[in-house]
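See structure below.
Bear in mind that the values in this text are calculations on the coordinates, not laboratory data. Being a predicted model, the structure only gives us computed values, none of them experimental. FYI the Cβ positions are ideal-geometry reconstructions off the backbone, even for glycines, and counts take in every protein chain you see.
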Amino acid sequence: DAGVTQTPRHEVAEKGQTIILKCEPVSGHNDLFWYRQTKIQGLELLSYFRSKSLMEDGGAFKDRFKAEMLNSSFSTLKIQPTEPKDSAVYLCASSRDWDEQYFGPGTRLTVL
Amino acid sequence: GDSVTQTEGLVTLTEGLPVKLNCTYQTAYSDVAFFWYVQHLNEAPKLLLRSSTDNKRTEHQGFHATLHKSSSSFHLQKSSVQLSDSALYFCALSDNTGYQNFYFGKGTSLTVIP
């Protein structure tokens, strides 16, 4: 089985830009998660989908972060507008029925 | 709500020594699973161990952990660390409350030196 794929692997954006990160979950998985990872905060949940329905929208991240799942095999995370404090690694993970999460390799975002 | 606590942020050990990474949790639910993930530098987190059975030892790749519901703990141990064990280790729990709630600890960075 192919694992979780994420593109791009690296992204550099100017402050105020809009960026879109992409994720393809493991085939057959019905849960999809977006996380932000920093050394200080660790893993922070941004969004959680179950069977394409948004279950968790990340509370404090709602205003500039929007995740969508257009079909069961593709999800996007839009950050608009970007700020320097958004510089982090963004991880996508998928799972099936309350089991272990499989993580993608992540997108390293740098906002100048 | 549920929470996971990893008390050590950074651990540095000499190769060959034992290691114990602490993980305690709080949850109001009984139907819960526990995980340890390992993340090597510039790689994705990967599952290391999983358990949902009280007092049962789980082992993988030389690491082991035992879920103790009486003390709300799921500590990770290894008898002899290797240089390749240097990584970030996350403890996590998942409770089945109708939809999945997954909680991660902040992680413990383990560095093994020669």
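Counting only DSSP beta bridges with both residues in chain B, what percent are antiparallel, rounded to the nearest 5? Rounded to the nearest five, the antiparallel share is 90 percent.
Sorted by mean Cβ packing within 10 Å, highest first, what order do the peptides A:71-80, B:11-20 take? Let's see the in-between values first.
Values: A:71-80: 16.1, B:11-20: 12.6.
Packing order, densest peptide first, comes out as A:71-80, B:11-20.
Legend: calculated FRET efficiency, A:Arg9 to A:Arg96, from the Cβ-Cβ distance at R0 = 25 Å, rounded to 0.05, equals 0.50. Rounded to the nearest 5, the antiparallel percentage of DSSP beta bridges internal to chain A is 90%.
What do the square roots of 5 times the Cα gyration tensor eigenvalues come to for chain A, in whole Å, largest first, as semi-axes of the equivalent ellipsoid?
22, 14, 13
Which length gain, in nm to one decimal place, applies between B:His68 and B:Leu10 when the Cα-Cα distance is subtracted from 0.36 nm times their residue separation?
18.5 nm
Pairs with C-alpha atoms separated by more than 18 Å, drawn from the list A:Lys62/B:Lys46; B:Lys78/B:Lys106; B:Lys46/B:Lys106; A:Lys22/A:Lys78; A:Lys15/A:Lys78; A:Lys52/A:Lys78, are A:Lys62/B:Lys46; B:Lys78/B:Lys106.
Which whole-number percentage describes the relative contact order of segment A:1-96, with Cα contacts under 8 Å and a sequence gap of 6 or more?
It comes to 37 percent, rounded to a whole number.
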